[in-house]
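Below is one structure, written out as structure tokens, with a few remarks after it.
The values are calculated or read from the model by the stated rules, or taken from the named source; none is laboratory data. Small disclaimer: the values here were computed from a predicted structure and weren't measured. No Cβ is skipped: glycine too gets one built from the backbone with ideal geometry, and neighbour counts run over all protein chains shown.
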Amino acid sequence: INGVRSIEKGLSTFGKESRFQSWCCLACKLHLLSDWFKLLSQCSDACLQQFYDPLNNCFRQEKLTQFIINILESVKDFDFAHLEPALLKRLAGV
């Protein structure tokens, strides 16, 4: 939750794509990308519509979602401790 709050506060003036990039980088650094993706797939339609096109997202396609989660699980094996600070933009302290 702190990571999401950091993105919300630190990148409030950025567009959706920049926030999504920062979200992905932060999730990789914290080894939570597959977990966060899984949480998004379980969100209500109303919640997802705030961030993603309701007709063109993978979160409601069960097989595709599970396939992506399986791939993202392998990302946990990589060390992102030294992730380029510029990729995290204004998310200092995370």
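Just one of the numbered conditions (1) at pLDDT 80 or above; (2) touching a Lys or Arg at 6+ places or on another chain (Cβ under 8 Å) is not true of D35: (2).
Figure legend. Inter-residue proximity from segment 37-52: first residues farther than 11 Å from I69 by Cβ, second residues at pLDDT below 85 and among the hydrophobic types (A, V, I, L, M, F, W, C), beta-carbon distance below 8 Å, spacing 6+ or different chains. Indicated pairs: C43/F59; L48/L40; L48/F59; Y52/F59.
Against the list (1) within 13 Å of the chain's Cα centre (by Cα); (2) at pLDDT 85 or above; (3) buried (at least 17 other Cβ atoms within 10 Å of the Cβ), the condition G3 fails is (2).
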